[in-house]
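Everything below concerns the one structure shown next.
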2 protein chains.
Amino acid sequence: MKLPPFNSPIFRQLIEFKSNTYTYILGCHKTGKAAIIDPVVDTASRDVQILRDLNLDLVYGLNTHVHADHVTGTNELRNAFPSMKSVLCSKSGGEADKYVSNGDVIEVGGLKLEVRETPGHTNGCVSYVEHHLKSIFTGDALLIRACGRTDFQQGNPSTLFDSVHKQIFSLPEDYVIYVGHNYDGILQTTVWEEKNLNPRLTKSKEEFVKFMKNMKLPYPKQIDAAVPANMKDGKGGKN
Amino acid sequence: MKLPPFNSPIFRQLIEFKSNTYTYILGCHKTGKAAIIDPVVDTASRDVQILRDLNLDLVYGLNTHVHADHVTGTNELRNAFPSMKSVLCSKSGGEADKYVSNGDVIEVGGLKLEVRETPGHTNGCVSYVEHHLKSIFTGDALLIRACGRTDFQQGNPSTLFDSVHKQIFSLPEDYVIYVGHNYDGILQTTVWEEKNLNPRLTKSKEEFVKFMKNMKLPYPKQIDAAVPANMKDGKGGKN
């Protein structure tokens, strides 16, 4: 398999417009191994095509958590790349090929994805840090000037506050944060910005908990179909 | 003005969802000077907020061409950053604070944006190359596995073919291409991919011209309002 003549890791950010989910492809330019973070079933064929165009071999399909707003693409992607292993936190309760816990490192050729457990939006939320790329992928734990909601799926604002402060804000301030969703078309942020400007997470823990408990958000549209499918790694969830 | 503690250039890609336009902020982390490429009036206040959050001083608002699918945000941005200069190609016929031609270099602190004229979608289309970032911003000249249409605003497929081959495909193959639009949620490509996989531009020039002339695309929805406003640098175009 002939790899493109690139001298640095391959990085792709992608969008699924229906749920405004951001999906990430990370590829090792030396070995051609790749991982995908938070793929969506609706855009799985697009993602397969990009991986094939770049001659990448997808070895891991990582879900940051059991999603409530879309069905994961990991099952569809495994049909195209049969040796791909889906990955989920051991505390999620969901089905996956491989389970991870805090401190584990997922190797993708020369890339290393460090697992940081960031519960609070759900019990099984994890973020992935790639230190060569100076980047963290936070799923719904931390959003741009916001955070994931804490009113369903074992949500707990006190736990989320600790996760963000201990596991994300402890990174160097110029690390780029790639989130799971943004509805304003903002694609990335940094540790510095969220530490200094996040209107929720610059509050005290007590104020944050109170704020999150008073949000009164609408019931998520896709949760009743998405969560059962995602508990089974997206099986049976194809639209 | 206190800059964030970053050790590398600031780069932000943003989306305006109505016209699926991609906007780019490039900032010098040493001087705090910034440029924005292809801002949209509908998202100008979001873009101002991001620039202010990062303590960046916007010195240039670059339009790759006189847009037909949205009104540029340069006029709105100049209201927030009065010393900002809007930039357009001298061959565009449109109004701007500064005109550029092939080979010019726009300096934004330590960043250098090299102007490459890439006509064919319009007469005044330019792309900007930033060699430190190994990136080119092509507006509508080259799109992902596609290209800008050539059936209005002085469009010429033969000219576009030459622009892409001479000015874009001549770059190193691992340069990242950031385009003006993509409707599938794909946010970036590379010179290598488009040279090898673009279904239109891997054709011969004759076949490409024939293909583009037979496309029979619908009349652009916003062109009658957008082009007159953009000929005046977006003035009078606020929604």
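Any read-out appearing in this document is the output of simple, stated calculations on the displayed coordinates, not a laboratory observation. Predicted model, so just to flag it, every value in this text is computed and none were measured. With ideal geometry, Cβ positions are generated from the backbone for all residues, glycine too; neighbour counts draw on all protein chains shown.
Of B:Leu217, B:Leu160, B:Leu58, which has the largest mean-square fluctuation in a 10 Å C-alpha GNM of chain B? Answer for the Gaussian network model of chain B: B:Leu217. Using a 7 Å projection from Cα along Cα-to-Cβ, the label point at A:Leu197 is separated from the same position in the remaining copies by 3.3 nm, smallest value first.
Result for chain A in a Gaussian network model with C-alpha springs under 10 Å: among A:Gly124, A:Gly139, A:Gly93, the largest mean-square fluctuation is at A:Gly93. What's the percent breakdown of Cα-Cα distances in region B:10-214 across 10 Å bins, shortest bin first? Spelled out per bin, shortest first, that is 9, 38, 38, 13, 2.
Across the protein assembly as shown, Cα-Cα pairs more than 33 Å apart make up 38 percent of the total. Of the cross-linked pairs A:Lys134/A:Lys195; B:Lys30/B:Lys112; B:Lys112/B:Lys195; A:Lys18/A:Lys221; A:Lys166/A:Lys213; A:Lys112/A:Lys235, those separated by over 18 Å at the C-alpha level are B:Lys112/B:Lys195; A:Lys166/A:Lys213; A:Lys112/A:Lys235. Under a Gaussian network description of chain A, with springs only between Cα atoms under 10 Å, the residue in A:Glu117, A:Glu107, A:Glu206 that fluctuates furthest is A:Glu206.
Averaged over peptide A:106-119, the number of partner chain Cβ atoms lying within 10 Å of each residue's Cβ comes to 0.
Rounded, prolate or oblate: pick one for region A:88-172, where a ≥ b ≥ c are the square roots of the eigenvalues of its C-alpha gyration tensor, a/c under 1.5 means rounded, and failing that, prolate if a/b is larger than b/c, else oblate. Oblate, because a/c is 1.5 or more while a/b does not exceed b/c. Oblate is the label for region A:101-143, because a/c, from the alpha-carbon gyration tensor with a ≥ b ≥ c as root eigenvalues, is 1.5 or above and a/b does not exceed b/c. The loop-placed chymotrypsin sites (Phe, Trp or Tyr not before Pro) in region B:76-172, going by DSSP, include none that has at most 12 neighbouring Cβ atoms within 10 Å of its Cβ.
Tell me the distances, shortest first, between A:Gly103 and the same position across the other copies, using label points 7 Å along Cα→Cβ, in nm to one decimal. So the distances to the same position in the other copies read 6.2 nm.
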